[in-house]
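Following: one structure in structure tokens, then a few remarks.
The values are calculated or read from the model by the stated rules, or taken from the named source; none is laboratory data. Here the structure is a predicted model, which means the values were calculated and not measured. Quick reminder, even Gly has a Cβ in these numbers, built from the backbone with ideal geometry, and neighbours come from all protein chains shown.
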There are 2 protein chains.
Amino acid sequence: MAGNTSTPGASVVSRALALLFAFDAQHRRLTLTQLASRAGLPLATTHRLAADLVAGGALVRRANGEYVVGRRLWDLGLLAPVQTGLRQVASPFLNDIHAATQATVHLAVRERTQVLYLERLSGRASVPVVSTVGSRLPMHATGVGKVLLAHAPADVQERVLSSLDRITPYTVTQRARLERQLTRVRKDGFATTEEEMTLGACSIAVPVPGPDGSVVAAIGIVVPSLKRDRARLLAALQVAASGVARTLANELAPPGADAASRSR
Amino acid sequence: MAGNTSTPGASVVSRALALLFAFDAQHRRLTLTQLASRAGLPLATTHRLAADLVAGGALVRRANGEYVVGRRLWDLGLLAPVQTGLRQVASPFLNDIHAATQATVHLAVRERTQVLYLERLSGRASVPVVSTVGSRLPMHATGVGKVLLAHAPADVQERVLSSLDRITPYTVTQRARLERQLTRVRKDGFATTEEEMTLGACSIAVPVPGPDGSVVAAIGIVVPSLKRDRARLLAALQVAASGVARTLANELAPPGADAASRSR
DNA sequence: GATTATGCTTCCGCTGAGTGGAAGGAGGCC
DNA sequence: GGCCTCCTTCCACTCAGCGGAAGCATAATC
């Protein structure tokens with residue numbers, strides 16, 4: 001729009017989005033200068049666009065000058081069809097697991113080469129858990145991740161297996177060893193981790209099969225130790241997973257349109 | 001930016017936001033034409049801006065041409081400091097109530113003259129419930145709403161009381177009667193509704209007091225009937241509410257900055 | 001209390017990014 | 001074929017946006 005832009009070709013909209021997406025889980029509050037630098041825009045431009053965004057309610061400016069994401073964007077985000085159907089269907093079953101185990105319960109799907117956490121019920125026990133709703137974690141170090149990885153397309157597996165970051169001393173970073181684990185996951189129908197993502201936290205997870213036999217999601221729980229009641233936890237998970245799978249299959253009976261198209 | 005705009009003075013950013021906020025709970029999917037009409041923009045302009053938004057991942061265009069809110073906005077929305085602290089603190093207590101009662105559990109705050117639902121655990125029983133996370137409902141017809149209204153500033157009460165919409169045949173629309181109910185709510189420490197929002201659904205709710213004695217939120221549950229176990233439900237709610245209140249007070253012990261500033 | 005540093009706000013001349021009417025597809029229905 | 005609806009592309013006009021620079025406010029440093 002302007003004559004003397006430093007990056008001709010970039011639309012105003014793209015700049016505005018750069019400002020919005022400058023926020024992330026580690027940067028929920030940004031000063032003007034931080035915002036400008038993270039978005040890669042000149043300070044004056046940032047100042048003006050940010051003011052527009054504040055005027056529209058997309059951002060909020062605190063009394064101390066910091067910008068935060070506005071409530072209107074929270075509203076808007078909730079409308080995104082992020083597995084809406086899956087989450088609604090799964091919700092009561094997750095609650096059942098939570099009631100039965102008192103542990104932290106997760107519902108997750110695969111997003112490219114990472115685990116995306118769709119839902120989380122936090123447990124009573126003081127287990128350190130790093131995931132929150134919306135967070136992405138590596139597949140090879142989480143229970144739900146191993147389940148999803150074990151059933152992912154070959155090219156995804158290849159990409160994940162070719163670079164296994166060490167997160168704790170117990171993270172499985174040897175390709176061959178993880179491959180053996182994945183084979184077991186497919187055979188046994190569940191995956192476990194022991195302090196591979198967070199010290200002091202173990203997990204166990206099972207797949208949620210879709211109508212066509214593919215794996216559409218994973219349900220897992222996080223506990224301080226698996227020693228004691230692995231069998232009990234696994235039973236609870238499997239009941240829930242088959243419940244979700246059954247409900248999903250029924251819901252899809254009238255095979256209309258693409259996923260998540262049930263607004264009415 | 002352009003010479004021949006029909007509404008000079010409107011920034012590109014404001015137009016882009018108009019497009020985004022054209023989506024709401026009743027309109028999660030919009031065609032180009034719908035989008036243009038709801039945003040109040042010419043079709044060609046809408047087409048171009050929407051393409052920019054899609055390029056940035058803020059919107060997604062389905063195969064059938066419909067636009068929906070994109071996953072990146074979902075991510076972003078989760079970063080909004082919408083009572084982050086309150087929700088985190090309350091979550092385990094809400095789960096307790098849910099486990100104990102198997103009913104639909106709500107956490108809500110007041111937003112201007114409406115109830116804003118922050119959290120919802122759906123129950124097993126087939127009770128019709130209209131609320132979802134992020135939805136706003138009138139205060140006078142919901143349990144949590146009555147609690148929040150009873151403890152709202154006088155001007156808010158006045159505005160709400162001066163126009164009581166009828167939603168079901170049982171909605172309380174007489175000002176004097178609702179005022180008497182509010183007095184009781186303050187005295188008894190809980191509120192109830194009986195099919196005032198939805199036929200076949202009753203609710204009971206209690207306030208969550210903040211450190212300074214004001215009411216910061218309400219916790220409520222929805223059941224088919226209150227006849228049977230009102231006392232039991234009330235007890236569960238009160239335990240949870242005081243648990244949340246106590247945790248909140250402890251959390252605020254180091255009184256630093258404004259709410260929701262715990263990113264690390 | 002002067003000096004420096006840092007971060008925010010405002011100003012303003014230049015110009016190409018944005019605008020939207022209009023024309024041209026692409027389907028769907030009768 | 002004719003008609004309708006909805007989407008896409010084109011293009012001449014021009015003012016909204018651009019961002020360097022100067023000014024301002026506050027806080028730290030000497």
Exercise for the section: Kindly state which helices (runs of 4 or more DSSP H) lie completely within segment B:1-111 and contain at least 1 residues that are within 11 Å of chain A (Cβ to nearest Cβ) and not acidic (Asp, Glu). Expected result: B:12-20, B:43-55, B:71-78, B:84-101
Problem - Residue selected from segment A:204-218 under the condition in contact with a Lys or Arg (Cβ under 9 Å, 6 or more places away or on another chain) and within 17 Å of A:Asp229 (Cβ to Cβ), by the criterion surrounded by the most Cβ atoms within 10 Å (Cβ to Cβ) - result: A:Ala205
Handout entry: Sole exception among (1) under 27 Å from B:Ser91 (Cβ atoms); (2) surrounded by 15 or more Cβ atoms within 10 Å (Cβ to Cβ); (3) aliphatic (A, V, I, L, M) for B:Val130, by number
Key = (2)
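Residue-by-condition table, conditions (1) crowded, with 18+ Cβ neighbours inside 10 Å; (2) over 18 Å from B:Ala25 (Cβ atoms):
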residue	(1), (2)
B:Leu137	yes, no
B:Ala152	yes, yes
B:Asp155	no, yes
B:Val160	yes, yes
B:Thr168	no, yes
B:Arg175	no, yes
B:Glu179	no, yes
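Just for segment A:126-146: of the residues that are of a type in the set (Val, Ile, Thr) and at pLDDT 90 or above, which one is nearest to A:Gln174 (Cα to Cα)?
Looking at residues that are of a type in the set (Val, Ile, Thr) and at pLDDT 90 or above, I get A:Thr142.
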Exercise for the section: Enumerate the helices (runs of 4 or more DSSP H) found wholly within segment B:123-230, keeping only those where 2 or more residues are under 15 Å from the mean Cα position of the chain (by Cα). Expected result: B:143-150
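Condition check ((1) modelled with pLDDT of 95 or more; (2) within 12 Å of DNA strand C (Cβ to nearest atom); (3) surrounded by 15 or more Cβ atoms within 10 Å (Cβ to Cβ); (4) more than 22 Å from the chain's Cα centre (by Cα)) across all residues:
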{"site": "A:Ser11", "(1), (2), (3), (4)": "no, yes, yes, yes"}
{"site": "A:Leu17", "(1), (2), (3), (4)": "yes, yes, yes, no"}
{"site": "A:Phe23", "(1), (2), (3), (4)": "yes, no, yes, no"}
{"site": "A:His27", "(1), (2), (3), (4)": "no, no, no, no"}
{"site": "A:Gln34", "(1), (2), (3), (4)": "no, yes, yes, yes"}
{"site": "A:Leu43", "(1), (2), (3), (4)": "no, yes, no, yes"}
Practice task
Scan segment B:56-70 and report the pairs whose first residue is outside the structural domain of B:Ala18 (by TED's automatic domain parsing) and whose second residue is within 13 Å of DNA strand D (Cβ to nearest atom) and in a loop (DSSP other than H, G, I, E, B), with Cβ atoms within less than 6 Å and a gap of 6+ or a chain change.
Solution key: none
Handout entry: Test: residue in segment A:72-95 that is within 30 Å of A:Ser225 (Cβ to Cβ), touching a His at 6+ places or on another chain (Cβ under 7 Å) and either more than 16 Å from DNA strand C (Cβ to nearest atom) or assigned by TED's automatic domain parsing to the domain that holds A:Arg230 (or both)
Key = yes
Completion exercise
Here the residues within segment B:47-70 that are away from DNA strand D (no atom under 12 Å from the Cβ) and among the β-branched types (Val, Ile, Thr) are B:Val60, B:Val68, B:Val69
Practice task
From the list A:Arg110, A:Arg72, pick out the single residue that is surrounded by fewer than 21 Cβ atoms within 10 Å (Cβ to Cβ) and among the basic types (Lys, Arg).
Solution key: A:Arg72
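Within segment B:183-214, work out how many residues are of a type in the set (Gly, Ala, Ser) and in contact with a helix residue (DSSP H, G or I) (Cβ under 9 Å, 6 or more places away or on another chain). Let's see the steps before the verdict.
Start the filter on segment B:183-214 by keeping residues that are of a type in the set (Gly, Ala, Ser), which leaves B:189, B:191, B:200-201, B:203, B:205, B:210, B:213-214.
Applying the additional criterion that residues be in contact with a helix residue (DSSP H, G or I) (Cβ under 9 Å, 6 or more places away or on another chain) yields B:189, B:191, B:203, B:205, B:210.
The total comes to 5.
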Handout entry: Which numbered condition B:Val115 fails, given (1) in contact (Cβ under 8 Å) with a residue 24 or more places away in the chain; (2) surrounded by fewer than 19 Cβ atoms within 10 Å (Cβ to Cβ)
Key = (2)
Exercise for the section: Of the numbered conditions (1) touching a residue at least 12 places away in the same chain (Cβ under 8 Å); (2) within 8 Å of DNA strand D (Cβ to nearest atom), B:Ser11 fails exactly one; give the number of that condition. Expected result: (1)
